[in-house]
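Values in this text are rule-based calculations from the coordinates and carry no lab data. What you see is a predicted model, and the numbers here were worked out from it, not measured in a lab. Cβ sites come from the backbone with ideal geometry, for glycine too, and all protein chains shown count toward neighbours.
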Amino acid sequence: MDRPLIYAACCLAAAVQAQPFQLPTANRALFAQGGEEEYFVGTVGKPWTSGTFGCVRSGGWQMHEGIDIRCLERDRRGEPTDPVLATADGTVAYANRRPSLSNYGNYLVLRHQVEGVEVYSLYAHLREIRADLKAGEAVKAGEAVGVMGRTANTRQAISKERAHLHFELNLLLNNRFATWYKKTFPGQRNDHGAWNGQNLAAIDSRAIFLEEQEQGAKFSLVSFLRGQTELCRVLVRDTDFPWLRRYSALVRPNPRAQAEGVAGYEIALNYNGVAFELVPRAASEIKGKARFQLLSVNEAEYEKNPGRRLITKRGSRWELATRGLNLLELLTY
Ligand SMILES: [Zn+2]
């Protein structure tokens, strides 16, 4: 079910800026009628759809958190040479120049402020990252930040044929990720601090580009986020966590909780675990003692997009799966 907009239009109007995100390479086939084959690179032996965002792999059970964009230019050896372009004005958050340390290979993360929302774009499998780019450096939309490549540390290398830019748009789950990860997965390596893929909640960049193209200056990222389809609704007993401050545009007012005091938050999650609507709840509105509660499930959405395995059905009862609990732990840590 698509949730209706609940906010007065006047609150949005002032913050909206035209076309906040630009395509991250010169490939524009995304906007051409039937251009998908020229735009997306599928996985080995699979159609272009497996290079789009979502539960598009392993029969829906594997999530692809970005889009895989086809190269347009190659050198004499057949290696891609397409410049990779910043999708929006921003600053460098992280550059990994040690490809053996990530399945993303060489990757770059940029931080953007769009309508007061902190968004992180990620560019992976790069052949090289522009040498002068360091954390904190400012970049302009459309500026070349690296070169497309096929770096990765996966057992199966990316072939020349399949060379592509893996591009993501993300929200950041928790700036204290590194501490949480160490506590939750003792002994496991995390070479990238907060810039680990597990800490980045991806949103559908293909849908955003297409909506921008269709709506022009009317496009709003906040509306896009508020319009996500709900997979499930959960209640957390925590009242202060970074997402509330970083994504305050997604918090709905609740006069009763404001009057009585906030005892927890009711959160709508989309199928990728993005908390796109948060409602403060008073103690008098909360049943049950558990720190995390599953309040409702949109079964149709789960059938369509189960890949993150956030929830599971045990007999006739839905419950939060380990991954769902981990997500809520990290979100509220
Ligand atoms: Zn990819």
Contact order normalised by residue count of the range 179-333, Cα under 8 Å, 6+ apart, percent: 23 percent
Sorted by Cβ neighbour density within 10 Å, fewest at the top, the residues Thr184, Thr91: Thr184, Thr91
Normalised contact order of the chain, rounded percent, pairs of Cα under 8 Å and 6 or more residues apart: 17 percent
Segment Ala32-Asp191, extension gain: residue separation times 0.36 nm, minus the distance between their alpha carbons: 53.3 nm
MRE, 222 nm, helices only [DSSP H, n ≥ 4, -39500 (n - 2.57), over the chain, to nearest 500]: -4500 deg cm²/dmol
Between the range 155-176 and the range 59-131, the Cα center-to-center distance that results, in Å: 6 Å
Set Lys140/Lys182; Lys140/Lys218; Lys183/Lys313 screened for pairs whose C-alpha atoms are more than 31 Å apart: Lys140/Lys182
Computed log₁₀ I(q)/I(0) - Debye formula, equal Cα scatterers, no solvent, the chain, q 0.07, 0.11 Å⁻¹: -0.29, -0.73
Neighbour-count order for Ser205, Ser284, fewest beta carbons within 10 angstrom listed first: Ser284, Ser205
Radius ratio Rg over Rh of the range 127-185, counting only Cα atoms, Kirkwood formula for Rh: 1.05
Shape category assigned to the range 214-324 from the gyration tensor of Cα positions, a/c cut at 1.5: oblate
